[in-house]
Amino acid sequence: GSRWDDEGPIAAAWFRSLEARRFADRLLAFLDTEIGDSRAFALKDPRCCRLAPVWFDVLRRRGHNIGVVLIARHPDEVAASLQRAHTLDADHARALWLRYNLDAERHSRGVPRAVISYDGLLADHARAVDHLTAGLGASWLQPSPAAMAAITAFLSVGERHFTAKPDTDCGPAIDNPWIRDTWDALQRLARPAPDPSVVARLDQIGALVATADHHVA
């Protein structure tokens with residue numbers, strides 16, 4: 001009953017529903033076909049931010065250890081990308097940024113995770129990889145010299161189509177305090193020694209968003 005561009009909530013009860021279990025069975029079949037008996041793999045799909053509880057259930061049923069990598073990117077840049085790719089209006093795109101990031105952060109608590117700054121990844125991917133492997137507790141993920149060379153060749157600032165203006169605190173989007181504070185919290189979580197108190201602020205924002213959802217409904 002939802003779509004990827006629906007900024008509304010997904011009820012917590014849905015994840016325990018028969019329909020969710022049916023989707024989980026389909027995901028199991030998908031992984032059996034696409035992943036097989038691979039011991040390590042990466043799954044990249046922005047919708048996992050919203051459907052993580054289903055994915056986590058499926059991955060655990062297959063016996064996998066789970067690690068989550070969250071990429072923190074400026075909301076104006078994401079909104080501009082969504083506007084160009086999907087002709088969404090600016091407010092809709094920013095609402096999606098907020099919903100996806102709040103859901104991703106909340107759902108990934110309690111599992112090994114690393115929050116990576118998009119800017120930091122492009123500026124110094126070696127440091128970003130170190131942060132990622134430390135956060136996931138997976139030193140075996142450290143790339144070989146050949147792999148690091150391939151990453152260097154792959155990452156290109158020239159492929160970055162949208163860059164937020166510096167010193168604007170997200171420009172117009174940050175006029176919204178929920179987006180401003182969520183962006184600030186994600187940047188703090190991306191630091192080598194993140195401040196755990198920012199999670200409480202994200203919970204406060206999530207509660208305010210939930211109240212707004214209730215009034216809209």
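A few notes on this one:
- D_trans [Stokes-Einstein, Kirkwood Rh over alpha-carbon pairs] for region 73-118, 25 °C, 0.890 mPa s, µm² s⁻¹: 213 µm²/s
- Taking amide H as placed 1.01 Å from N in the peptide plane, the amide H of A114 sits under 5 Å from that of V68, V69, L70, each at least 5 places away or on another chain.
- With loop membership from DSSP and a limit of 16 other Cβ atoms within 10 Å, the longest segment of the chain without trypsin sites (Lys or Arg not before Pro) is 161-217.
- P(r) of region 94-134 over all Cα-Cα pairs, binned every 10 Å from zero, in whole percent: 26, 40, 32, 1
- Extension gain (nm, one decimal) between Q142 and I66, 0.36 nm per residue minus Cα-Cα: 25.7 nm
- Whole-Hz ³J(HN,Hα) from phi, Karplus 6.51 cos²θ - 1.76 cosθ + 1.60, for region 15-20, glycine and proline x: 5, 9, 8, 4, 4, 4
- Each 5 Å bin from 0 upward holds the following percent of the Cα-Cα pairs of the chain: 1, 6, 13, 17, 19, 18, 15, 8, 3, 1, 0.
- Scanning the chain for chymotrypsin sites (Phe, Trp or Tyr not before Pro) in DSSP loops with at most 16 neighbouring Cβ atoms within 10 Å leaves 42-161 as the longest stretch between them.
- Calculated diffusion of region 50-89, Stokes-Einstein form, Kirkwood radius summed over Cα pairs, 25 °C and 0.890 mPa s, µm²/s: 194 µm²/s
- Tail fraction, Cα-Cα pairs, region 68-158, threshold 14 Å, whole percent: 71 percent
Every number in this text was worked out from the coordinates using simple rules, so none of it is lab data. Treat the numbers as computed from the prediction; the structure is a model and nothing was measured. Backbone-built Cβ (ideal geometry, glycine too); neighbour counts: all protein chains shown.
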